1. Can you name the condition, by its number, that residue D:208 falls short on among (1) assigned to a helix (DSSP H, G or I); (2) within 27 Å of residue A:183 (Cα to Cα); (3) out of contact with any strand residue (DSSP E or B) (no Cβ under 9 Å at 6 or more places or on another chain)?
2. Give the residue that is nearest to residue C:249 (Cα to Cα), with candidates limited to residues of region B:165-178 that are surrounded by 23 or more Cβ atoms within 10 Å (Cβ to Cβ) and of a type in the set (Gly, Ala, Ser).
3. Does any residue of region C:231-245 turn out to be under 20 Å from residue B:226 (Cα atoms), assigned to a helix (DSSP H, G or I) and at the interface with chain B (Cβ under 9 Å from one of its Cβ atoms)?
4. Looking at (1) within 10 Å of another protein chain (Cβ to nearest Cβ); (2) farther than 16 Å from residue C:167 by Cα; (3) over 17 Å from the mean Cα position of the chain (by Cα); (4) small (Gly, Ala, Ser), can you tell me which one residue D:131 breaks?
5. How many residues are among the hydrophobic types (A, V, I, L, M, F, W, C) and closer than 19 Å to residue B:62 by Cα when one looks only at region B:9-39?
6. Exactly one of these conditions fails for residue B:161: (1) modelled with pLDDT of 95 or more; (2) more than 22 Å from residue B:249 (Cβ to Cβ); (3) under 19 Å from the mean Cα position of the chain (by Cα). Give me its number.
7. Considering only region D:71-90, state which residues are among the acidic types (Asp, Glu) and touching a residue at least 12 places away in the same chain (Cβ under 8 Å).
8. Taking the conditions exactly as written (basic (Lys, Arg) and either farther than 17 Å from residue C:63 by Cα or assigned to a loop (DSSP other than H, G, I, E, B) (or both)), does residue C:145 satisfy them or not?
4 protein chains.
Amino acid sequence: MKPVCLVMGAGAGIGGTVGKHFAANGYHAVLCRRSDAQGLKRLVADIEADGGTANGYLLNAIEDEVIEDRVAAIEADIGPIEVVIYNLGAQIGDRALKDTSYKAFEMGWRLATFGLFRLASAVCPRMEERGHGTLLVTSATAAVRGNGGQHSHAAAMGGRRMLCQTLNAEFGPKGIHVAHILIDGAVDAPDTLGRLLGPERFQQLRDTRGAADGLIQPAHLADTYLHLARQHRSTWTHEIDLRSFSDTPWWNHA
Amino acid sequence: MKPVCLVMGAGAGIGGTVGKHFAANGYHAVLCRRSDAQGLKRLVADIEADGGTANGYLLNAIEDEVIEDRVAAIEADIGPIEVVIYNLGAQIGDRALKDTSYKAFEMGWRLATFGLFRLASAVCPRMEERGHGTLLVTSATAAVRGNGGQHSHAAAMGGRRMLCQTLNAEFGPKGIHVAHILIDGAVDAPDTLGRLLGPERFQQLRDTRGAADGLIQPAHLADTYLHLARQHRSTWTHEIDLRSFSDTPWWNHA
Amino acid sequence: MKPVCLVMGAGAGIGGTVGKHFAANGYHAVLCRRSDAQGLKRLVADIEADGGTANGYLLNAIEDEVIEDRVAAIEADIGPIEVVIYNLGAQIGDRALKDTSYKAFEMGWRLATFGLFRLASAVCPRMEERGHGTLLVTSATAAVRGNGGQHSHAAAMGGRRMLCQTLNAEFGPKGIHVAHILIDGAVDAPDTLGRLLGPERFQQLRDTRGAADGLIQPAHLADTYLHLARQHRSTWTHEIDLRSFSDTPWWNHA
Amino acid sequence: MKPVCLVMGAGAGIGGTVGKHFAANGYHAVLCRRSDAQGLKRLVADIEADGGTANGYLLNAIEDEVIEDRVAAIEADIGPIEVVIYNLGAQIGDRALKDTSYKAFEMGWRLATFGLFRLASAVCPRMEERGHGTLLVTSATAAVRGNGGQHSHAAAMGGRRMLCQTLNAEFGPKGIHVAHILIDGAVDAPDTLGRLLGPERFQQLRDTRGAADGLIQPAHLADTYLHLARQHRSTWTHEIDLRSFSDTPWWNHA
């Protein structure tokens, strides 16, 4: 039986691509996303066409019990979850304080912070019992610095990062690898950055930066996710940053 | 008319003491806390006995509209809020993941992160119109590192810190001073640390450490709060850490 | 007898102004700088005209024994050093790697890192014996992030910051207050920024930013130095950042 | 012709093991270390026995021109240096300030900071001309926090980290990958930790922690070094931390 890799937030960018990569490397992929049944079906079909195995589920992670029930069902019906990729983003673009509604602020927290807490609550006790498991958390620049207009996103991601450190403190010594992956650069992903910028500005960015290597390529990023999942437990990484060679790190100015 | 200093979380420790200190230095203090009508009354009476002026309100900050209405009422009935001390804590002690309920996790966020967002939403537009104002946010070690058992607290405080940086990015250039005050040490405060430890262990800590200077003394801490509020805007501090000389900073080991 | 405040790097910007402020608040100021005998004389005369007391010394801190001998002489002839302001900078402007000579790289270290180590070696044992003392270290953005062209400066300041934390770990519990003061913004100082930019660009910056509050004003900054020196040892600050309200913090982009 | 991987500091721990791993993966290894001609010879022989190629040189990196001449000779006689592993440590154990001589403090800087600057000065212009290259810098906890007794080491490593960020800012966009690898845990290495602790305490640590996975295993660590060297330039890592699953991260307390 293959080890299961559960991807929460398996869109056309990082999540789906990482799921595919794990499927190509011996994992059974369970792909969860909120919408686009067609895209999800295609992703599963792609994996199967490459000789891998996968299931896909549409689910709205912020609804009560949805995450918890999915984890229980996977463990009961498919197999033990060995790796979790938590990839739910909460970027809504820059908004002045007065344009950031209470609802938008709370939604950021529900997606980026509370969702991870719920998933960890469901999955870590099972991993702890087995003595092993991996929790890879996609994170963002906003986790390490607040910036203009990022009220909801930065508060949510800052909470996510501190939660990852807390999970690591409790579960690392129990054999569970928790990694906080700081995606500190624009990603060549139509579902997230593309939607944020709109098709025209997104294409413009791709043209200017050079889509091939001036934006983070999910297919290459997936190598690092897999590497982290395979690290021997005598040498685990908790935090790693990633960006394109031509991008400016968060601590530098353009 | 005196400038108003609003203290959200004016217990017997940092909040009440800082409020008293501002009242002794030319501010009208508005003291808000959740419980202990007697203690609040005494605090106001103390301030008045010293020749100062103050109002006290019992309020539950996590209830809808309570923060917003209080800010509106103060501005309408008392005067423009010049300084806000956001001092609501969310420490619930160390709890394993399995002992941290969803409710406890959410409560941490409501008190430490969302409450600040609500307060800023109510107060910053008024300060922006006036071109000045100060928002001093009491924070904790958990804002800069997660630790075993701190799931709720660290996620909440990490969010608070990133929110402070975001508020600073938007409102600093508009003349509003936002400061994130990292209280990185045990505070000699019966209402918070005292309650957390219980009376015996608290007294033991006071005896061991030396209550006089081995624990943070709120009365001395208040000097730094006032100093921050008085900094000339050509030299503003956004982040400052504080602890007793004999305490170990968060980045060191005992 | 007044407590002595020794300023290493007492030019026309932060160092001299802070020295003057301490002299106006009960300290005997000992002002050391590398050059400009006239300026130094004027500074001492200004302090005396205000009713204070001061000595001035020209010295080249990177020469062997110069720091050590000065400390010994002050302690022997003037009195115990209560406060040290270490204010030697090492900014040489942005230089590509190929334009950064070994000599320039080493000079940065000698001024910014090794000089502090030598001063601490001379002064801390004396303070330790007395059970009190304060070491305030002026630092720069380069201490927390490297940036293009800052090879010498960032390496030197990064070393300075870690040295401050190490000194704090050893001497804090012995009653010596070590503070790392992160000057994260342009300072209205003709001797440093003025020399770096040249007179025309410096005046242009003053005109654009508004010299009154768009650049750090040393006279106001001095308030914070004095505040730190006066903090009660139950609430000491080790790290604090400062910049003008209209400046962008190092972690944000313009 | 194979790409060259130059290891500066190729002892029996991280350096030699990483060099061996690169040699096993298509690189010609050039191994430099200060002493132990026998050990070096054995390392080269091991690589050759595995079908790889390597050269070994004894050199004292702090001597004038030694690094520069070696780089020039390799480029002239062996081939273009594609990857550099800078692995010179400077840990001398915990020493009180009074027991840290000027010489010891300077030696830390010469090994950990200046040596990297010299190497970068020699190698980066060549890599820049070729449009690619990788500089992997082994670093230590002391690069991110000073601790009791670490005066020399922390100052040196803090400088190293800021230098890496500066090199990255200049050379990243030119196609040179600079990574700062934070070894935040005890390494199972007789040459460094073993020498620091002495044979008895080292064996005791190995027994207690479990040498198999409670200490960082260089052979497994080497996987991460190779992974970093192979990252596609659309997704480069600048900073990564590593420790054993059972070790406590620097930001937590035991």
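1. Every listed condition holds for residue D:208 apart from (2).
2. My answer is B:169.
3. no
4. (1)
5. The total comes to 5.
6. (2)
7. Hits for region D:71-90 are D:75, D:82.
8. Answer is yes for this residue.
The values are calculated or read from the model by the stated rules, or taken from the named source; none is laboratory data. Computed from a prediction, not measured in an experiment: that's the story for all the values here. Every residue, glycine among them, receives a Cβ derived from its backbone with ideal geometry; neighbour counts consider all protein chains shown.
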